[in-house]
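Enquirer: Before anything else, here's the structure in question.
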Amino acid sequence: MVGKQDRWEDELFVACTLRELIPADHILRRVDKVLNLTWLRAEVKSLYDEYQGRPSIDPESAVRLMLAGFFQGIVQDRKLMREAQVNIAIRWFAGYKLHERLPDHSSLTRIRQRWGEARFKKIFQKTVSQCVKAGLVDGETVHVDATLIRADVSWESLVERHAEQVLVENADGPQDDGGPSARKGGRPRTKEKAPKKISLTDPDATLTTSCSSYRLEPSYKQHTAVDDRAGVVVDVAVTTGEQSEGEQLLDQVGRIEANTGKKIETLTADAGYAHGVNYAALEKRKTDAVIPPPKGQVRTGRMPLSRFRYDPKHHVVKCPGGKALLRGGPAANGWWYRASACDCGACALRARCFSAKAKRRTVLIVAGYEALLRARRRRRRWSSEEREKYQRHRWRVEGIHGEAKTQHGLRRAVRRGLRNVAIQAYLTAAVMNLKRLAALLWLIFLWKLATRKRQDPISLPAVEPDRQYHEKGAALRLAA
């Protein structure tokens, strides 16, 4: 018998709650058990006038709307509010009934502007604290990496700006003519610097690339730290695209330990973090650094730096011929050491050491050079455990970046400005942490349910998953 559904008859009453219309394994229903935003109202209360103006959107409802969009990969406010009009799960998650009017999309924009970056960072930090108390973070091994976020600008917005023009406009003292020889210290410049391109619509975005075979694009850079146990994001920071990830590492280590309350035992990263100062600082903190160091630079016709012996106590470098190179002027990341022109002129290794145009050999000893040498010697005899940790780094933290970009819309910035991109990164990281918390709670419930069935398969009463699941989620929220 063929059935018939009368789909045009309107119903005035629904004889159930909105929660009962949502599947028990829906992500928003599961996350609701672990999400705790009761502290948010007191946090933002000082930003609103208590006696004037109309009542604002409930702070918790606003954040729940944003999080619901990120769970489904909806990062545009207009698209989110259109989806919330017809999506019962989003309405229920944010606390709006079927007949209640949803806020305008511009209200979410004004909330982000009013609250600022710090409040959204605190939302992310709260999820980290919950994961720590739930046992998802041990802090023993942390993986660190950076990824690029394409800025929300067009190619037509890029213009060229010459470096000399920037220096002239920003300098306070006497100005030079800006010609090829205008340079602060060092040898005179023989050619003009390449013009720098900036975006007129988003000046914070800078041109960069993750691979030499890819073209430069206006981007931001997200610096991410992931705990090894369950893939919980324990730190997120956003900078302009031209910032070096290696220079951010030490600040990032401090933030990680502050967020988790645990000391990092092992830190893994790729070769972009292999700076001498990083190795030295991690050694001082007694943190095991599983970071592959770069190979020594080898130039054709030049004696490699590995043939020179460095004495850090007396600040002297000995060349292969036994002559001393004394410390000269400082460099951006170390010190220059120069040999005597007389010693180099009479040296039998001169032709193999440097070019015929030079008069003496000059080498650069970077800061933390001794620690860098120790890391190179250690890399040649990495144990199987260290190799496994580095392999886990590659899929653990890079997998987090892939998840954020493919599932939660972080491949491209949805708004402009460093602050707005940072807010997007914080909410994305919070969503991924909440997913892991909800997955843990669901596994605990299923395990206890299976245990009860094995113990008493006959007299077991009808299962009430929502009530039991809610009790476990309430316990997690209270623990946080």
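The values are calculated or read from the model by the stated rules, or taken from the named source; none is laboratory data. On a predicted model such as this, the values are computed, not experimentally measured, just so you know. Heads up, the Cβs are rebuilt from the backbone with ideal geometry, glycines too, and the neighbour counts pull from every protein chain shown.
Enquirer: Within the stretch 246-283, work out how many residues are in a loop (DSSP other than H, G, I, E, B) and more than 23 Å from E370 (Cβ to Cβ).
Expert: Of the residues in the stretch 246-283, 3 are in a loop (DSSP other than H, G, I, E, B) and more than 23 Å from E370 (Cβ to Cβ).
The rows are residues; the columns are (1) farther than 22 Å from R150 by Cβ; (2) of a type in the set (A, V, I, L, M, F, W, C).
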| residue | (1), (2) |
| --- | --- |
| R229 | yes, no |
| Q252 | yes, no |
| K262 | yes, no |
| D270 | no, no |
| Y273 | yes, no |
| A281 | yes, yes |
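Enquirer: A205 - would you say it is surrounded by fewer than 23 Cβ atoms within 10 Å (Cβ to Cβ), assigned by TED's automatic domain parsing to the domain that holds E385 and either within 30 Å of L373 (Cβ to Cβ) or among the aliphatic types (A, V, I, L, M) (or both)?
Expert: No: the conditions fail for A205.
Enquirer: Only one residue in A134, A84 is without any contact (Cβ under 8 Å) to a residue 24 or more places away in the chain and either in contact with a strand residue (DSSP E or B) (Cβ under 8 Å, 6 or more places away or on another chain) or surrounded by 14 or more Cβ atoms within 10 Å (Cβ to Cβ) (or both). Which one?
Expert: A84
Enquirer: Let me ask you something else. Might you check whether a residue that is part of a helix (DSSP H, G or I) and surrounded by 19 or more Cβ atoms within 10 Å (Cβ to Cβ) occurs anywhere in the stretch 45-58?
Expert: Checked the stretch 45-58: no residue is part of a helix (DSSP H, G or I) and surrounded by 19 or more Cβ atoms within 10 Å (Cβ to Cβ).
Enquirer: Restricting attention to the stretch 87-101, which residues are over 17 Å from K33 (Cα atoms) and out of contact with any Ser or Thr (no Cβ under 8 Å at 6 or more places or on another chain)? Outline the logic, then answer.
Expert: Filtering the stretch 87-101 down to residues over 17 Å from K33 (Cα atoms) leaves 87-88, 96-101.
Of everything in the stretch 87-101, those that are over 17 Å from K33 (Cα atoms) and out of contact with any Ser or Thr (no Cβ under 8 Å at 6 or more places or on another chain) turn out to be N87, I88, K97, L98, H99, E100, R101.
Enquirer: Another question about this same structure. Sort out for me the strands (runs of 3 or more DSSP E) sitting completely within the stretch 284-398 that have 1 or more residues that are under 26 Å from the mean Cα position of the chain (by Cα).
Expert: 288-290
Enquirer: Looking only at the stretch 86-116, which residues are within 22 Å of R419 (Cβ to Cβ), more than 27 Å from the chain's Cα centre (by Cα) and aromatic (F, W, Y)?
Expert: If the condition is that a residue be within 22 Å of R419 (Cβ to Cβ), more than 27 Å from the chain's Cα centre (by Cα) and aromatic (F, W, Y), then no residue fits.
Enquirer: Moving on. Which condition from (1) over 19 Å from the mean Cα position of the chain (by Cα); (2) assigned by TED's automatic domain parsing to the domain that holds G272; (3) buried (at least 18 other Cβ atoms within 10 Å of the Cβ); (4) of a type in the set (D, E) is the one that E156 breaks?
Expert: Only one criterion is unmet by E156, namely (3).
Enquirer: Right, here's the next one. Select from the stretch 226-244 the residues that are of a type in the set (D, E, K, R) and surrounded by fewer than 20 Cβ atoms within 10 Å (Cβ to Cβ) and list them in ascending order.
Expert: Listed by number, the residues that qualify are R229, E242.
Rundown of residues vs (1) in a strand (DSSP E or B); (2) touching a Ser or Thr at 6+ places or on another chain (Cβ under 8 Å); (3) touching a residue at least 60 places away in the same chain (Cβ under 8 Å), yes/no style:
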| residue | (1), (2), (3) |
| --- | --- |
| I198 | yes, yes, no |
| D204 | no, yes, yes |
| C211 | no, no, no |
| P218 | yes, yes, yes |
| V238 | yes, no, yes |
| Q243 | no, no, no |
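Enquirer: For R119, indicate whether it is farther than 20 Å from R419 by Cβ, surrounded by 12 or more Cβ atoms within 10 Å (Cβ to Cβ) and out of contact with any strand residue (DSSP E or B) (no Cβ under 7 Å at 6 or more places or on another chain).
Expert: no
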